[in-house]
Amino acid sequence: MRNGLSRDLIVRVLGEAPKYTLDELEIMFPLRNLSEDALVTRVAPSPTGFMHLGTLYQMMIAKKLAQQSNGVFMLRIEDTDTKREVAGAVEVILKCAKSFNLIPDEGPEYGGKYGPYYQSQRKDVYHSVAAFLLEKGLAYPCFLTAEEMDTIREKQKTAGWATGIYGEWARDRELTEEEIISHLDNGEVPSIRLYSMGNKNNKIYYNDKVRGRLIFPENEEDIVLIKSNDRLPTYHFAHLCDDHFMRTTLVQRGEEWLSSLNLHLQLFRMMGWKNPEYIHVATINKLDEQTHNSRKLSKRTDPEANTMQYLINGFPQEAVLNYLYNIVAAGYEEEKAKKSETNIWNYPLRIKKIPTSSALFSTEKLEWWAKEYIATLSVDVLVKSVVDWAEEYGNENNKKQIANIDYLTSVLSIERDNPKRIRKDFITWKQTLEEVAYFWDDLFVANKEYSYNKDALNLFLNTWDFNDDKDTWWAKIVKISESLCVKPGEVAMNLRVAMSGRTNTPDLYSIMHVFGTDRVIERIKLVL
Ligand code: GLU
């Protein structure tokens, strides 16, 4: 510990008078009145670009852990990195939370007693805690400039030492009040650094909920708590203040934070606060196309990393969540295969089983989940999902397809009445509409490559009757085939291609019945 600063100096160093004492903050944010097992979880995305699939994954886990323990799930926007903030990013986060039905119990737009839920609006909390630390000599103002820190870093690198401000490199650790005043009089704005009392030769132990007993060296670095440029907190300090005063009981976050855990535990212990439990979740990886190595999904180069893409491309939200849930909750897929009513909300997530190694993301596997999911839907739900998607994200053609709901319903009803043989060719709402586009004359493209058996088509035209039942219809096709000495399948194929332009479609009889007499005749005439 060093000498604490006087109140007046603290005000000058922070640029404002701290608003609260720690006791006042404790009263403002009381312990939550929840049962002992209830988990208070949160996701804390930074609005620095699009929403990463990893954030959706974290949201789902945090919501699930709160839901299954009758706890609370919070969304906190970590917007303290003003330099990296991207306009509109918060809206995307809120939009994804809503669209994937991962609505927080507390958060921006949802309110709550532990807010504000934007870190940029919690300056009073951070400054009040920083004032306490400055007064106790557990933190100090540091006037090192960016250039000076670069020089220090270079020297450390050349000598092969750990980089950072610690020990002898921490130039301003012991500044006197007079020296601090003279820097301030000079117009310099300090950052506030931790006065670290850690010693890297000492060990810190932690029993991670997933990884078991972890051992770290103590943290020696005088890390920045409050930045000089905007006087907002660093991640470490915000984590300390927010997860304490928001009464988070379980911090579940990406594994990239594991290496800072010693620091975070040190901060909680220094404050005399009970630290939350931690889970460090493995990243979602992919196989790099070039190197064939597994690597983290990259925000910059991998479209799969962008959560909004799944909404725009019309993946069923449930399918995306099923896929992600199967990564984190072992045995989910098997259980779902046994009991179709199994879903992520009624299948427990066992913390101890959360994987510690990265899962490989595969679009094919996601598509499998999507097909399985769509296959379980009733026609009405399918139609509604497709329409909702097309209204929000669809193009002109998609909008045409949803204009007549009755027609769309009959199109999508084909082969959905036999529970044993539900078609599995629908993957996304978008692709569903593309798959059935030939039902709309404007979107139908006749197949000009196919060499049609014109006699067969002509004969069919002469005998076609909309009121024929399926057997009669088939008997006529058989008769045509006999008269032309070809297989009935060939006649049917000619009709199929004439109707749809394709050689592969669901039940032809049903297609013709959805078309109606005129369209059947027109399509045949078109290719003749
Ligand atoms: N803003 C941090 C991130 O996006 C949050 C980490 C955490 O959950 O504590 O990585």
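Structure notes:
- Electrostatic bookkeeping for Lys400 treats Lys and Arg as +1 and Asp and Glu as -1; over the other residues with beta carbon under 13 Å from its beta carbon, the sum is -4.
- The alpha-carbon positions of the chain define a convex hull whose volume is 192 Å³ per residue.
- In percent, rounded to a whole number, the relative contact order of the chain is 12, using alpha-carbon pairs under 8 Å and six or more apart.
- Formal net charge of residues neighbouring Trp257 (Cβ-Cβ distance under 13 Å; K, R +1; D, E -1): -3
- Relative pair counts by distance (%), Cα atoms of the range 353-497, 10 Å bins: 9, 27, 28, 23, 8, 3, 1
- Taking a straight line from the alpha carbon of Lys352, these lysines sit under 27 Å away, with near neighbours fewer than eight places off in the same chain left out: Lys63, Lys64, Lys203, Lys209, Lys274, Lys286, Lys296, Lys336, Lys338, Lys339, Lys365.
- In the chain, the calculated helix contribution to ellipticity at 222 nm averages -13000 deg cm²/dmol per residue, counting -39,500 (n - 2.57) for every DSSP H run with n ≥ 4.
- Taking a straight Cα-Cα cut-off under 20 Å and skipping sequence neighbours fewer than 8 places away in the same chain, the lysines within cross-link reach of Lys454 are Lys476, Lys479, Lys487, Lys525.
- Contact order for the range 211-274, expressed relative to its length and based on alpha carbon pairs under 8 Å spaced 6+ residues apart, stands at 36 percent.
- Per principal axis, descending, Cα span of the range 138-251 in whole Å: 50, 38, 22
- As a length-normalised measure over Cα pairs under 8 Å and 6 or more apart, the relative contact order of the range 171-283 settles at 24 percent.
- Extension gain for the segment Ser362 to Glu335, taken as residue separation times 0.36 nm less the Cα-Cα distance, is 7.6 nm to one decimal.
- For Ile521 and Asn229, the difference between the fully extended length at 0.36 nm per residue and the C-alpha to C-alpha distance is 97.7 nm.
- Kirkwood-type hydrodynamic radius, the range 486-525: 10.2 Å, calculated from all non-identical alpha-carbon pairs.
- Full-extension gain in nm, Thr409 to Glu16, via 0.36 nm per residue minus C-alpha separation: 135.1 nm
- Each peptide among 26-34, 138-146 gets the average number of other Cβ atoms lying within 10 Å of its residues, and from highest to lowest they stand as 138-146, 26-34.
- Amide H contacts under 5 Å for Arg193, placed H, 5+ residues apart: Tyr140, Cys142, Leu225
- Applying a DSSP loop filter and a limit of 12 other Cβ atoms within 10 Å to the GluC sites (Glu not before Pro) in the range 412-519 leaves Glu449.
- Rounded to the nearest 10 Å², the accessible area of Tyr373 at probe 1.4 Å: 50
- For Ser196, the accessible surface of its heavy atoms amounts to roughly 10 Å² (probe 1.4 Å, protein chains only, rounded to the nearest 10).
- For Val251, the solvent-accessible surface computed with a 1.4 Å probe is close to 0 Å², ligands and nucleic acids excluded.
- Using every pair of separate Cα atoms, the Kirkwood estimate puts the hydrodynamic radius of the range 202-280 at 13.2 angstrom.
- Note on the range 49-153: Kirkwood hydrodynamic radius from all Cα pairs is 16.4 Å, rounded to one decimal.
- Protein heavy-atom accessible surface, 1.4 Å probe, per residue over the chain: 48 Å².
- Placed amide H near Glu277: partners under 5 Å, 5+ positions off or other chain: Leu250, Val251
- Volume per residue for the range 423-528 equals 102 cubic angstrom (convex hull of Cα atoms).
- Scattering profile of the range 309-383 at q = 0.13, 0.19, 0.28 Å⁻¹ [log10 I(q)/I(0), Debye over alpha-carbon scatterers]: -0.41, -0.85, -1.45
- Per residue, the convex hull around the alpha carbon atoms of the range 117-156 comes to 117 Å³.
The values are calculated or read from the model by the stated rules, or taken from the named source; none is laboratory data. Computed from a prediction, not measured in an experiment: that's the story for all the values here. Methodologically, a virtual Cβ is constructed for each residue, glycine included, from the backbone with ideal geometry; neighbour enumeration extends over all protein chains shown. With ligands, DNA and RNA removed, areas are computed over all heavy atoms of the protein, side chains included. Shrake-Rupley method; radii C 1.70, N 1.55, O 1.52, S 1.80 Å.
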